[in-house]
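S.K.: Here it is: the structure, laid out below.
Values in this text are rule-based calculations from the coordinates and carry no lab data. Just so we're clear, the structure is a prediction, and the values are computed from it rather than from any experiment. Here Cβ is always computed from backbone atoms with ideal geometry, including for glycine, and neighbour counts include all displayed protein chains.
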Amino acid sequence: MRKKIYIATLLLTATTAFSQVIVGSSVNPSPNSMLSVVNKEDNAAGSKGMMIPTVNNETELPLYDASQPDHFQNDSSMQGMILYRKDIKRVVVYDGEKWKPTFYESGGRTTRVSMNPLTPESEFPSVTCVLIGCGEKDVPFGTYDSLQDGDQLGILDPQGTVNTNFNNFTFKESGFYKVLISLKVKTSGIHVSPPTISFRALKNGNVLARNDVPLNEAILITAGANRVGTMEFLSMFDKGDQLKVQISGGVSILTVADAYKIVPTDGTFISIEKL
């Protein structure tokens, strides 16, 4: 009996060593597969899947090291390893340097919103710069353009008082998003250096992305530049993260007195797409 067991074990080892491993079927679904897990049922009651190892959060992933800039040590021998993170509800893959979340298949949905076109000019989001000092102002968005605006992601927050506690968007799903911000800018005042306005995207109160947009190249002129500036970036957002848009004076700006206003036209909007 023992002899038969040894022979069977030897044959099984030889089979798995020199051919593909197939689980759940005797038919190989692909000659290029080293391991195939086959679901033979086509119904909800009988279908079976494969569960991969899970972790609760980032700190439980292999090679986690809080002292590293990206929180992970490098190990090229682990490239391609996958695990499932329960906190963000997605598979993550290690690329040899860090763990990266995979994309959801439910991507392609977009929230596109604009400014209220009926906003009086006295209430336009604006900042004033005197010499090298500039303020900052939140830019509120909503669904005002019946042809283009829409909130497919369901992330637009109800409009409230625009103050230090204001946030325009709260994300409902973790994932990667592409954000495009377009603002029509109007200036007034006297420039000592070329006028520059800073677009800023704040995530949970911290600057996530920034773009200093030059408005013209003339110096020592009376202002009046009007143009559309844009900023586009990709970012990972977790469920519950908040986002808002701000304007401020550019870092290198030097003015006698200058004011920047965001004008609610068709050139002023934000588009957020889930990838």
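S.K.: Between Met51 and Asn204, what FRET efficiency follows from the Cβ-Cβ distance if R0 is 30 Å, with the result rounded to 0.05? Before the final figure, lay out each step's value.
M.R.: Working: r = 33 Å, r/R0 = 1.09.
Calculated value: 0.35.
S.K.: A further question on this structure: Mind checking the full-extension length gain between Thr110 and Ser67? Use 0.36 nm per residue of separation minus the Cα-Cα distance, one decimal, nm. Intermediate values should be presented prior to the final figure.
M.R.: Values: separation 43, 0.36 × 43 = 15.48 nm, distance 3.62 nm.
Separation in residues times 0.36 nm, less the Cα-Cα distance, equals 11.9 nm.
S.K.: Which order do peptides 34-42, 71-79 fall in by mean Cβ count within 10 Å, highest first?
M.R.: 71-79, 34-42
S.K.: Mind checking the full-extension length gain between Thr265 and Met236? Use 0.36 nm per residue of separation minus the Cα-Cα distance, one decimal, nm.
M.R.: Computed gain between Thr265 and Met236 is 7.5 nm.
S.K.: On to the next question. Taking the Cβ-Cβ separation of Asn32 and Lys100 as r and a Förster radius of 22 Å, what is the calculated FRET efficiency to the nearest 0.05?
M.R.: Efficiency, from the Cβ-Cβ distance: 0.30.
S.K.: Count the net charge of all other residues whose Cβ sits under 15 Å from the Cβ of Asp70, scoring Lys and Arg as +1 and Asp and Glu as -1.
M.R.: -3
S.K.: Among Lys86/Lys184; Lys137/Lys172; Lys40/Lys98, which pairs are too far apart, with a Cα-Cα distance over 32 Å?
M.R.: Cα-Cα > 32 Å for Lys86/Lys184; Lys40/Lys98; rest within.
S.K.: Under 16 Å between alpha carbons, and skipping anything fewer than 8 positions from Lys178 in its own chain: which lysines qualify?
M.R.: Lys203, Lys239, Lys244, Lys274
S.K.: Under a crude label model (7 Å from the Cα following the beta-carbon direction), how far is Ser146 from Ser122 in nanometres?
M.R.: The two pseudo-label positions are separated by 2.9 nm.
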